Amino acid sequence: MAANKDTEKKELSASFQMNADISERKERKPQEFYDDIKAKYAAERELRLEYRPPGSTFYQAAEGDFAHYEHDPHATEIDERDPINDEVEVLFIGGGFSALLTSARLRQRGVESIRIVERGADVGGTWYWNRYPGVACDVVSYDYLPLLDEMEYVPTRHYAGGSEILAHCQAIARRYDLYDLAVFQTTVTSTTWNEADQRWHVRTDRGDEMIAKFVVCANGTLAKPKLAVIEGMERFTGKSFHTSRWDYEWTGANLENLADVRVGIIGTGASAVQIVPEVAKAAKSLHVFQRTPSSIDIRDDWETDPEWAAKLAPGWQSKRRQKIIDKFRAQADKRANLKGISRDEKIRRQENANIDAMMRIHARIDETVEDPATAEALKPWYMLMCKRPCFHNEYLPSFNLPSVHLVDTQGKGITEVGENGPIFEGTEYPVDLLIYATGFEVQQTGIYNSIVGEGGVELQQKYSDGIRTLLGIHTAGFPNMFIMGGYQASFQFNLTDLLQVQGDHIADCIDLVRNGAHETLDAKHDREDWWVQEVISHRGKTNRNAECTPGYYNFEGQENRRQDGNYNGGFHAYIDHLDEVKATLNDWFVLN
């Protein structure tokens with residue numbers, strides 16, 4: 001079994017090599033050191049904003065001339081079928097963990113008529129699409145994989161790989177008979193509330209006209225691949241694809257076809273961090289094009305001890321989850337009970353601890369990467385959690401291989417692609433395969449789908465002046481509709497923790513309508529107003545918009561999105577709000 005993560009604090013004087021003004025820190029007071037780091041963070045943020053001003057078009061959808069980047073490589077043919085014209089009780093838009101979790105809870109409450117409508121050819125969501133080499137979850141598998149108690153399953157590793165997670169999704173669908181009514185290779189294009197029959201009318205790109213009493217928007221947090229806006233992308237004559245549409249037919253199942261291939265990968269986010277070590281071992285050469293480096297922490301992984309697994313008592317995962325929630329609550333209580341410390345001092349201590357953690361990550365880079373210039377370029381200059389943290393043991397060592405080259409664009413990004421490959425500051429980098437690790441549209445409800453509620457109001461029209469929800473799940477004027485994994489819900493690195501409590505809540509709401517002689521449930525406007533203010537009041541706790549480097553956590557640095565984000569009051573507080581609503585549902589919803 002791997003050793004536990006080294007959490008020993010490093011002495012500041014030995015942490016890493018900085019630029020000249022910071023390297024003199026030994027003669028300064030410690031707080032001056034932290035202030036210097038914050039100044040460096042601010043300078044790096046401004047540099048990136050100079051090259052990507054807030055509101056500028058930096059990404060584009062995989063549409064039009066680039067639609068082939070969304071092609072499904074896992075299903076070579078579209079299953080032909082006649083259009084569907086029927087009615088179901090609950091319809092899920094999307095077939096990932098959101099749909100699977102909530103469906104399981106609905107089955108437990110006796111709901112039989114459940115349909116999943118999914119773009120892919122199977123359930124799994126993120127884990128259906130993302131099958132690139134090295135794909136795995138960054139959250140411990142015993143916490144991330146849901147319904148382990150119900151499925152009587154123990155993951156095979158501390159961190160589960162993508163294939164195991166996909167298999168778990170499929171097992172859940174079989175266990176709860178979700179394949180029976182499911183519709184795959186189908187995209188919902190419109191979801192419209194019909195006030196005459198009090199039902200949702202759902203249309204798809206396959207000519208379907210379905211009716212549902214309840215609709216759950218479960219299209220995923222990171223569902224739609226996006227591409228960087230790069231001049232000349234269409235001119236490239238080699239092979240190219242997005243990370244979420246990996247073409248194993250071209251690369252070989254074990255990347256054996258890359259032995260004589262020059263590879264380029266644009267992006268250094270979570271997907272790239274897992275892909276780079278695998279491609280580095282297989283390809284003739286690899287150029288990694290970086291705009292902003294990720295923070296790379298240690299990943300302690302091991303095979304599950306069968307003796308430990310055999311001793312697990314029924315309900316072990318639920319108890320484990322409760323311990324985590326209790327820990328969150330205890331930490332929050334400890335912070336709240338600090339006596340004699342001002343708010344500014346609390347923030348200063350939190351920032352300093354955050355900087356200590358990031359400097360430890362810097363130190364690891366210096367210890368691992370042999371070339372000093374490459375090591376310096378790989379160091380992230382922003383607060384930990386300003387961008388998604390990554391965990392990998394082979395990413396940094398990959399840059400010690402003679403065939404692997406880092407092209408650090410220092411915040412500019414690649415802005416041109418020629419016939420032979422990416423071009424940066426006049427230098428062309430010829431490659432045979434160009435991989436776009438450029439991410440996804442984030443937490444967008446109705447990502448392929450026009451959602452129209454009462455009075456003909458389209459959801460994005462309602463959101464035009466800012467997202468408005470109750471708990472991130474309900475939005476007034478859209479009765480019997482629920483949103484999962486979207487904005488204004490609690491921020492959780494382990495997303496399935498959030499999806500579990502949301503799924504329980506949605507099942508309770510549907511059960512209330514079904515068994516209470518009601519037809520519809522809709523959030524009250526004043527309660528929605530209250531929640532929007534709750535979200536706004538807690539947004540400042542992370543200050544991501546004002547201080548963080550641009551990224552999807554802070555809408556690429558936009559300053560006017562005060563309510564368009566997650567609820568940052570703490571997961572324990574979010575659960576308390578859910579419990580409060582559950583105890584007094586009539587106070588929060590209009591029931592007809």
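If you take the residues in the stretch 480-537 that are on the phi < 0 side of the Ramachandran plot and among the small types (Gly, Ala, Ser), which one is farthest from the chain's Cα centre (by Cα)?
Gly516
Which of the residues belonging to the stretch 469-492 are farther than 15 Å from Trp200 by Cβ, out of contact with any Leu (no Cβ under 8 Å at 6 or more places or on another chain) and crowded, with 22+ Cβ neighbours inside 10 Å?
Selection gives Thr469, Leu470, Gly472, Ile473, Gly486, Tyr487.
Does Tyr448 count as in a loop (DSSP other than H, G, I, E, B), aromatic (Phe, Trp, Tyr) and under 30 Å from Ser318 (Cα atoms)?
Numbers: in a loop (DSSP other than H, G, I, E, B): yes; aromatic (Phe, Trp, Tyr): yes; under 30 Å from Ser318 (Cα atoms): no.
Criteria not met by Tyr448.
Can you pull out the residues in the stretch 59-76 that are surrounded by 12 or more Cβ atoms within 10 Å (Cβ to Cβ) and modelled with pLDDT of 85 or more?
Answer for the stretch 59-76, where residues must be surrounded by 12 or more Cβ atoms within 10 Å (Cβ to Cβ) and modelled with pLDDT of 85 or more: Phe66, Tyr69, Glu70, His71, Asp72, Pro73, His74, Ala75.
Between a residue in the stretch 30-41 that is assigned to a helix (DSSP H, G or I) and any residue that is among the hydroxyl-bearing types (Ser, Thr, Tyr), which pairs come within a Cβ distance under 9 Å, given they are 6 or more apart or on different chains?
Tyr41/Tyr382; Tyr41/Thr549
When the stretch 270-291 is examined, which residues are found to be part of a loop (DSSP other than H, G, I, E, B) and at pLDDT 95 or above?
Ala283, Lys284
Yes or no: Glu441 closer than 21 Å to Ala223 by Cα and of a type in the set (Asp, Glu)?
Numbers: closer than 21 Å to Ala223 by Cα: yes; of a type in the set (Asp, Glu): yes.
Spelling it out, Glu441 is indeed closer than 21 Å to Ala223 by Cα and of a type in the set (Asp, Glu).
Residues that are within 30 Å of Val139 (Cα to Cα), in contact with a strand residue (DSSP E or B) (Cβ under 7 Å, 6 or more places away or on another chain) and in the same structural domain as Gln563 (by TED's automatic domain parsing), at least 2 per element: which helices (runs of 4 or more DSSP H) completely within the stretch 453-545 meet that?
Once the helices (runs of 4 or more DSSP H) in the stretch 453-545 are filtered for at least 2 residues that are within 30 Å of Val139 (Cα to Cα), in contact with a strand residue (DSSP E or B) (Cβ under 7 Å, 6 or more places away or on another chain) and in the same structural domain as Gln563 (by TED's automatic domain parsing), what remains is 495-515, 525-539.
Within the stretch 401-417, is there a residue that is in a helix (DSSP H, G or I) and farther than 26 Å from Glu547 by Cα?
Checked against the condition, which is being in a helix (DSSP H, G or I) and farther than 26 Å from Glu547 by Cα, the stretch 401-417 yields no hits at all.
Need the failing condition index for Glu303 against (1) modelled with pLDDT of 95 or more; (2) surrounded by 18 or more Cβ atoms within 10 Å (Cβ to Cβ); (3) farther than 30 Å from Phe92 by Cα, just the number.
Evaluating Glu303 over (1) modelled with pLDDT of 95 or more; (2) surrounded by 18 or more Cβ atoms within 10 Å (Cβ to Cβ); (3) farther than 30 Å from Phe92 by Cα leaves (2) as the failure.
Just name the residue that is farthest from Ser295 (Cα to Cα) out of those in the stretch 344-383 that are in a loop (DSSP other than H, G, I, E, B) and in contact with a Ser or Thr (Cβ under 7 Å, 6 or more places away or on another chain).
The residue in question is Tyr382.
For Ala228, indicate whether it is free of Cβ contacts under 8 Å to residues at least 60 places away in the same chain, surrounded by fewer than 24 Cβ atoms within 10 Å (Cβ to Cβ) and either farther than 30 Å from Ile451 by Cα or out of contact with any Lys or Arg (no Cβ under 8 Å at 6 or more places or on another chain) (or both).
no
Hey, can you tell me all the residues within the stretch 490-507 that are in contact with a Phe, Trp or Tyr (Cβ under 6 Å, 6 or more places away or on another chain) and of a type in the set (A, V, I, L, M, F, W, C)?
Answer for the stretch 490-507, where residues must be in contact with a Phe, Trp or Tyr (Cβ under 6 Å, 6 or more places away or on another chain) and of a type in the set (A, V, I, L, M, F, W, C): Leu499, Ile506.
Any idea how many residues of the stretch 149-158 are closer than 18 Å to Glu307 by Cα and in contact (Cβ under 8 Å) with a residue 24 or more places away in the chain?
Residues in the stretch 149-158 being closer than 18 Å to Glu307 by Cα and in contact (Cβ under 8 Å) with a residue 24 or more places away in the chain: 6 in total.
Working only within the stretch 69-119, note down all residues that are more than 21 Å from the chain's Cα centre (by Cα) and among the basic types (Lys, Arg).
Selection gives Arg81, Arg105, Arg107, Arg109, Arg115.
Starting from residues that are touching a Gly at 6+ places or on another chain (Cβ under 8 Å) and of a type in the set (A, V, I, L, M, F, W, C), keep the ones in the stretch 448-466 and report whichever is nearest to Val581 (Cα to Cα).
Per the criteria, the residue is Leu459.
Taking the conditions exactly as written (over 30 Å from Gly486 (Cβ atoms) and charged (D, E, K, R)), does Glu454 satisfy them or not? Walk me through it before giving the result.
Working: over 30 Å from Gly486 (Cβ atoms): no; charged (D, E, K, R): yes.
No; evaluated as a whole, the condition is false for this residue.
The values are calculated or read from the model by the stated rules, or taken from the named source; none is laboratory data. A quick note: this is a predicted structure, and the numbers were derived from the prediction, not measured. Note: ideal-geometry Cβ built from the backbone for every residue, glycine included; neighbour counts use all protein chains shown.
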